[in-house]
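Novice: Mind looking over this structure? Questions follow.
The values are calculated or read from the model by the stated rules, or taken from the named source; none is laboratory data. Because the structure is predicted, anything quoted here is derived from the model rather than measured. Cβ placement follows ideal geometry from the backbone for every residue including glycine, while neighbour counts extend to all protein chains displayed. Ligands, DNA and RNA are excluded from the accessible area calculation, which covers all protein heavy atoms including side chains. Shrake-Rupley method; radii C 1.70, N 1.55, O 1.52, S 1.80 Å.
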Amino acid sequence: EVQLADSGGGLTQPGGSLRLSCAASGFDVGTTYMSWIRKAPGKGLEWVSVIYGGGSTYYAQSVWGRFTIFRDTSQNILHLQMNNLRVEDTAVYYCARGKGYAWGQGIQVTVTP
Amino acid sequence: DIGMTQTPLSLSVTPGQPASISCKSNQSLLHSDGRTYLYWHQHKAGQPPQLLIYEVSKRLSGVPVRFSGSGSGTDFTLKISRVEADDAAVYYCMQSIEHPWTFGQGTKVEVK
């Protein structure tokens, strides 16, 4: 059975860093594409980043240069390293297999002065 | 970036009645590989989103048959043939023909 279990997140100040993790089971994160999508309070869904099986990565302009998506294939975990966080990054972050064929339960990230 | 526009932004439906949501993109989502990269997600409060429809009209396994997608090029529609109480949610269209992937604003469906 395909499952995604995400962890990490929490509360930090502007300029801080957090790392999100998404442990996959039932498939290999290294052989498919994985994405991060977020939902900010009062806003709609927003795509954040994707990593493809071959390793290429893409980012939303709003996070480019601050966030890094990567994976640990030995542990079958997807990560999102978030640096220089801003108040506007406050959201529930979801990892997803591909374009949403499976989802993690969501991780709250709060950035507040 | 490709703009995605959904209408209406909210919908109130009586159980058993149909519902329809429109999604328009500002450029064609038909790829040279012959596929059209338009998806529909359902998002209920407190839960992760759920992919309902991929590539315009293909229902994901386990999605009720009352959900259907149609359209081509830049104009797409999600239809619920007979709305049930469990269908109360926000529905989003999404394109992935190019990066950044972009979503419509979302359509909130209320079941009376």
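Novice: By the gyration tensor of its Cα atoms, with a ≥ b ≥ c the square roots of the eigenvalues, what is the shape of the stretch B:35-82: rounded for a/c under 1.5, prolate for a/b over b/c, or oblate?
Specialist: Details: a/c = 1.85, a/b = 1.49, b/c = 1.24.
Prolate is the answer for the stretch B:35-82, as a/c is 1.5 or above and a/b outweighs b/c.
Novice: Just which residues of the stretch B:67-112 lose 50 Å² or more accessible area with every protein chain there, against their chain alone, with the probe set to 1.4 Å?
Specialist: B:Tyr92, B:His99, B:Trp101, B:Phe103
Novice: For the protein assembly as shown, what class follows from the C-alpha gyration tensor (a ≥ b ≥ c being the square roots of its eigenvalues): rounded when a/c is under 1.5, otherwise prolate if a/b is larger than b/c, else oblate? Please report the intermediate quantities before stating the final value.
Specialist: Working: a/c = 1.67, a/b = 1.48, b/c = 1.13.
Verdict is prolate for the protein assembly as shown.
Novice: Given a cut-off of under 8 Å on Cα pairs at least six residues apart, what relative contact order in percent is computed for chain A?
Specialist: Here the relative contact order equals 37 percent.
Novice: May I pose another question? Would you work out the charge dipole size for the stretch B:26-112 about its Cα centre, treating the Cβ of every Lys and Arg as +1 and the Cβ of every Asp and Glu as -1, and quote it to the nearest 20 debye? Kindly include the intermediate steps, with their values, before the conclusion.
Specialist: Working: 9 positive and 8 negative charges, 51 e Å.
Computed charge dipole of the stretch B:26-112: roughly 240 debye.
Novice: Short version: ³J(HN,Hα) in whole Hz for each residue of the stretch B:82-94, in order, from phi by Karplus 6.51 cos²θ - 1.76 cosθ + 1.60 (θ = phi - 60°), x for Gly and Pro, what are they?
Specialist: Karplus values, whole Hz, x for Gly and Pro: 9, 5, 10, 4, 5, 7, 4, 4, 9, 10, 10, 8, 8.
Novice: Moving on to the next point. Can you pull the mean other chain C-beta count within 10 Å for peptide A:51-62?
Specialist: Counting Cβ atoms of other protein chains within 10 Å of each residue's Cβ and averaging gives 1.
Novice: Another one. Got a number for carbon plus sulfur as a percent of the protein assembly as shown's accessible area, 1.4 Å probe?
Specialist: On the protein assembly as shown, the fraction of accessible area on carbon and sulfur atoms equals 48 percent.
Novice: Can I ask one more? Please list, by residue number, every one of the trypsin sites (Lys or Arg not before Pro) in the stretch B:40-86 that is coil in DSSP and has at most 16 other beta-carbon atoms within 10 Å.
Specialist: Hits after loop and neighbour filter: B:Lys44, B:Arg66, B:Arg82.
Novice: Just to confirm the filter: which chymotrypsin sites (Phe, Trp or Tyr not before Pro) across the stretch A:64-113 are DSSP coil and have at most 11 other Cβ within 10 angstrom of their Cβ? Display every interim value, and only then the final one.
Specialist: Numbers: sites: A:Trp64, A:Phe67, A:Phe70, A:Tyr93, A:Tyr94, A:Tyr101, A:Trp103; in loops: A:Trp64, A:Tyr101.
Passing sites in the stretch A:64-113 are A:Trp64.
Novice: Pop out a list of residues from the stretch B:38-60 that are at least 50 Å² less accessible with all the protein chains around than in their chain alone; 1.4 Å probe, no ligands or nucleic acids counted.
Specialist: Going by heavy-atom accessible area, the residues of the stretch B:38-60 that drop by at least 50 Å² are B:Pro48, B:Pro49.
Novice: Kirkwood Rh over alpha-carbon pairs of chain B, then Stokes-Einstein at 37 °C and 0.692 mPa s: what D in µm² s⁻¹, rounded to an integer?
Specialist: Details: Rh = 13.9 Å.
Translational D for this selection: 236 µm²/s.
Novice: Specify whether the C-alpha gyration tensor of chain A places it in the rounded, prolate or oblate class, a ≥ b ≥ c being the square roots of the eigenvalues: rounded for a/c under 1.5, otherwise prolate if a/b is larger than b/c and oblate if not.
Specialist: Here chain A falls in the prolate category.
Novice: Please compute the per residue accessible area over chain A with all protein chains in place, 1.4 Å probe, rounded to a whole number of Å².
Specialist: Ligands and nucleic acids excluded, the result is 45 Å² per residue.
Novice: A plus B alone minus the pair: what accessible area, both sides summed, probe 1.4 Å, in Å² to 100?
Specialist: Approximately 1600 Å² gets buried when A meets B.
Novice: Please state the charge dipole magnitude for the protein assembly as shown, taken about the Cα centre, from unit charges on C-beta atoms (+1 on K and R, -1 on D and E), reported in debye and rounded to the nearest 20.
Specialist: Taking the Cα centre of the protein assembly as shown as origin, the dipole is about 280 debye.
Novice: Among B:Ser22, A:Phe67, B:Gln95, flag the residue with its Cα farthest along the positive direction of the charge dipole of the protein assembly as shown, charges on Cβ as +1 for Lys/Arg and -1 for Asp/Glu.
Specialist: Result: B:Ser22.
Novice: Measuring with a 1.4 Å probe in the full set of protein chains, what accessible area per residue, in whole Å², belongs to the stretch B:31-81? Spell out each step's value before the answer.
Specialist: Values: 2360 Å² over 51 residues.
Heavy-atom accessible area per residue stands at 46 Å².
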